[in-house]
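Each remark here refers to the structure printed beneath this line.
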Amino acid sequence: MHATADQLNTSVPVQRVRGSDHAYWNEELESMSWPEVERWQAQQIMTMLAPLRARSKLYEQLHAAVPAGLQLRSLADLAALPFTLKDDIRNAQDRSSDTQPFGENQAASLEDIVQALASSGTTGQPLHYALTQRDVDIFTDAIANTWFTSGVRKHDVVAHLVGLPMVAGGLPYADGFRRIGATLCWLGGFPTDRILREMRRLRATALLATTSFGLYLSEQWDAVGRETGVPSKLTKILLGGEPGLNQPEIRERITTGLQTSHLREVMGLGDVIAAMWGECDAQDGMHFNAQKYVALELIDPHSGEAIPWQEGATGEIVYTAFARDATPLIRYRSRDHALVTGVDRCTCGRTSPRIRCIGRTDDMLIYKGMNVFPTSIRDLISERFAGLVEPMMRIWKESKDQVRFDDPIPVDIEAASGLEKLRYAGIVQEIEHEVRTQLQVRIAVTLLDSGSLPRSVYKNSLLAVRGTA
Ligand SMILES: [Zn+2]
């Protein structure tokens, strides 16, 4: 029997479990005109600002210069408030104590905190975020909304393939699937051959994984079917965590290998809510699904100026989590660089903006004064040289902090399987020429045999640092 939302002890107005006959998780907010949603959000932020300063030392300090009578008539008025940077959170966390283990951004008492989440950062000390029961309910509702937009329903058997419960994509994702009423099969963390076998035996109809792991599974799916003798029931694939799904070739390989065309990209930010964006049936970018709890801004990453939400616009996404008890975030810079693919009402009826994530603003490289995203290099090469090279690549930096390159940027690329070695040198030249012509950036390509680059299970970073990978 499925638990319904109103069996939970919560003050958050959450939705009942939705059956397959519903088009939306939260019809009112998902179909309301977007300017109206934004006006409502501005009111919510307005009401929470003063109490926030009283309970968060971080915001008492960050907002010390903000006029007490500040009026927020629209989200544009948020420009009067400073941004919150990851370093602000890091510094606040460094000032922790026995009663404030989350540091000066801990805005709820330990008695009320029920969960800690860790950032998935692979370098440096992880950041921790805290959730009260109300925060957990809000996370769960927004994440369930995202899964629902991406097609997950209560009859689904979902293979959840993120292996770490404490990261935002662990337990919170699991909660989201259960809130929908789907059957959660948390296989993440088991060895890959066991994951594959159990997915067949449990008749998984949906899976959630990182893009690189989805790609890896797609290469094995057919063989495991022959081994187990259980026909595939998989009809829905949800992938994210890496920007590879902007490449049609990667999408095609995954849908061919997993034998279903229902592939949806999903995205969130552990610090804010672990899943907030998800593609609908239109597959024209990811809708925002956390409008009940989080407001959005799009900014120029260099100047910090607002960029209007228009189709074709690009910028960094800034989040304000206006319904957050334990570790609040106001104007939090995500460093996620997005391309806006739609702002008008979608064919699915939803009104929230749609985006594709085109990279991390802090991944941006500079070659002799020219800005370039590693993902732009990869997307160009895998599109123009499809069939000759694999879409797996690695771009090398000399140190973690290197942004500027005066010499050509080193890029490892895998040759397509079966490509004759004799052709390698010619293809390297062609790739380098194409990138120079299209992106005004020089790269130095090393062409490797197919299968030589690591397919990591959790995060497959396009950028690597010499001596560490
Ligand atoms: Zn849509």
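Only beta bridges with both residues in the chain are counted; by DSSP, about 55 percent of them are antiparallel.
Taking the empirical scaling 2.2 N^0.38 Å for compact globular proteins as reference, the range 154-305 has a Cα radius of gyration ratio of 1.08.
Adding -39500 (n - 2.57) for every DSSP H run of four residues or longer, then dividing by how many residues the chain holds, sets the calculated 222 nm ellipticity at -9000 deg cm²/dmol. The lysines within cross-link reach of Lys236, meaning a Cα-to-Cα straight distance under 20 Å and a gap of 8 or more places when in the same chain, are Lys154. Here the relative contact order of the chain, from alpha carbon pairs under 8 Å that lie six or more residues apart, stands at 13 percent.
Relative protection proxy for 145-151, 431-437, from highest mean packing down: 145-151, 431-437 (other beta-carbon atoms within 10 angstrom). Here the label points at Glu111 and Trp396, each 7 Å from Cα along the C-beta direction, are separated by 5.8 nm in the simple model. Considering all different alpha carbon pairs of the chain, the Kirkwood hydrodynamic radius works out to 23.3 Å. Spatially, the range 265-310 and the range 91-119 are offset by 26 Å when compared through their Cα centroids.
Of the residues Cys280, Ser56, Leu380, the one whose Cα sits farthest toward the positive end of the charge dipole of the chain, with +1 on the Cβ of Lys and Arg and -1 on the Cβ of Asp and Glu, is Cys280. From largest to smallest, the equivalent ellipsoid semi-axes obtained for the range 186-234 from the alpha-carbon gyration tensor read 16, 12, 10 Å.
In the context of the full set of protein chains, residues of the chain present 43 Å² of accessible surface per residue (probe radius 1.4 Å, heavy atoms only). Excluding same-chain neighbours fewer than eight residues apart, the lysines reachable from Lys368 by a Cα-Cα span under 22 Å are Lys397, Lys400.
Computed from the C-beta positions of His155 and Lys421, the FRET efficiency with R₀ = 41 Å rounds to 0.25. Computed about the Cα centre, the dipole magnitude for the chain is approximately 700 debye when only Lys and Arg (+1) and Asp and Glu (-1) carry charge, each at its Cβ. Straight-line reach from Lys421: taking Cα to Cα under 20 Å and skipping same-chain neighbours fewer than 8 places apart, the aspartates and glutamates in range are Glu390, Asp412, Glu430, Glu432, Asp449. What's the FRET efficiency of Gln71 with Asp407 using the Cβ-Cβ distance as r and R₀ = 51 Å, to the nearest 0.05? Computed FRET efficiency for Gln71 and Asp407: 0.45.
Highest mean packing first, where packing is the average number of other Cβ atoms within 10 Å per residue, the peptides 179-187, 303-311 line up as 179-187, 303-311.
The distance between label points at Asp344 and Ala313 comes to 1.7 nm (points 7 Å beyond Cα on the Cα→Cβ vector).
In the chain, the portion of solvent-accessible area held by carbon and sulfur atoms comes to 49 percent [1.4 Å probe, whole percent, DNA, RNA and ligands not counted].
Restricting the trypsin sites (Lys or Arg not before Pro) of the range 309-375 to loop positions (DSSP other than H, G, I, E, B) with no more than 13 neighbouring Cβ atoms within 10 Å leaves Arg345, Lys368. For Glu60 and Gln220, the FRET efficiency from 1/(1 + (r/R0)^6), where r spans their Cβ atoms and R0 equals 45 Å, is about 0.30.
The values are calculated or read from the model by the stated rules, or taken from the named source; none is laboratory data. None of the values given here were measured: they were computed from a predicted structure. Don't worry about glycine lacking a Cβ; one is built from the backbone with ideal geometry, like all the others, and counts go over all protein chains shown. Please note that ligands, DNA and RNA were not included when accessible areas were found on the heavy atoms of the full protein model with its side chains. Shrake-Rupley method; radii C 1.70, N 1.55, O 1.52, S 1.80 Å.
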